[in-house]
Amino acid sequence: MIEDINEDPHKGKILPIVVITVFNEKNQCLLLKRNKHPYMGYWEVVGGKIEFGESFADAAKREIFEETGVHIVPVFLGVQEHIDGNYHRILISYYARTDGKISITEHKEFGWFDVTDLPEKLIPYTEELILAAAKRIGD
């Protein structure tokens with residue numbers, strides 16, 4: 001388990017979040033490097049907490065815009081659950097495609113990665129989300 005998970009204000013709570021795997025025209029996925037705890041310095045897909053009264057789809061569109069500056073409509077992929085000690089997330093998963101022109105605001109850096117060559121420091125559930133989305137986008 002990651003040590004800085006203890007700094008998570010949501011530790012010990014169930015947290016539903018939207019996660020969106022964004023692909024460019026080369027079928028590379030967008031990963032963002034976290035600049036806050038927990039998992040500081042780890043790569044993740046676009047995503048975040050759902051606001052009260054917000055639909056999953058609206059939360060996904062909002063998170064994409066907030067984190068990339070792009071207005072795109074994501075496609076629902078499914079629901080996963082991730083439990084790791086005091087870390088419990090319900091992941092409402094989407095995928096989307098963009099032309100690759102983004103502007104990050106909440107992360108320290110971003111990169112476009114081939115799904116067969118992902119960085120090592122991924123948040124635990126990230127690779128599973130990417131592979132599921134890549135399979136769907138390839139259909």
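The values are calculated or read from the model by the stated rules, or taken from the named source; none is laboratory data. No experiment lies behind these values; they were computed from the predicted model shown. Neighbour counts run over all protein chains shown; Cβ positions are idealised from the backbone, glycine included.
Brief remarks on what is shown
- For G78, the requirement of being surrounded by fewer than 16 Cβ atoms within 10 Å (Cβ to Cβ) and at pLDDT 95 or above is met.
- Comparison of V22, V18, V73 shows that the only residue that is farther than 18 Å from K108 by Cα, touching a residue at least 12 places away in the same chain (Cβ under 8 Å) and surrounded by 14 or more Cβ atoms within 10 Å (Cβ to Cβ) is V18.
- Remark: pairs (first residue in region 122-139, in contact (Cβ under 8 Å) with a residue 60 or more places away in the chain and closer than 15 Å to I83 by Cα; second residue of a type in the set (S, T, Y) and part of a loop (DSSP other than H, G, I, E, B); Cβ separation under 6 Å; 6+ apart in sequence or on different chains) = I123/Y39; I123/Y42.
- Qualifying residue in region 35-58 (condition: in contact with a Gly (Cβ under 9 Å, 6 or more places away or on another chain), loosely packed, with under 15 Cβ neighbours inside 10 Å, free of Cβ contacts under 8 Å to residues at least 60 places away in the same chain and assigned to a helix (DSSP H, G or I)): no
- If you go through region 82-130 and keep only what is closer than 21 Å to F56 by Cα, hydroxyl-bearing (S, T, Y) and part of a loop (DSSP other than H, G, I, E, B), you end up with T98, Y125.
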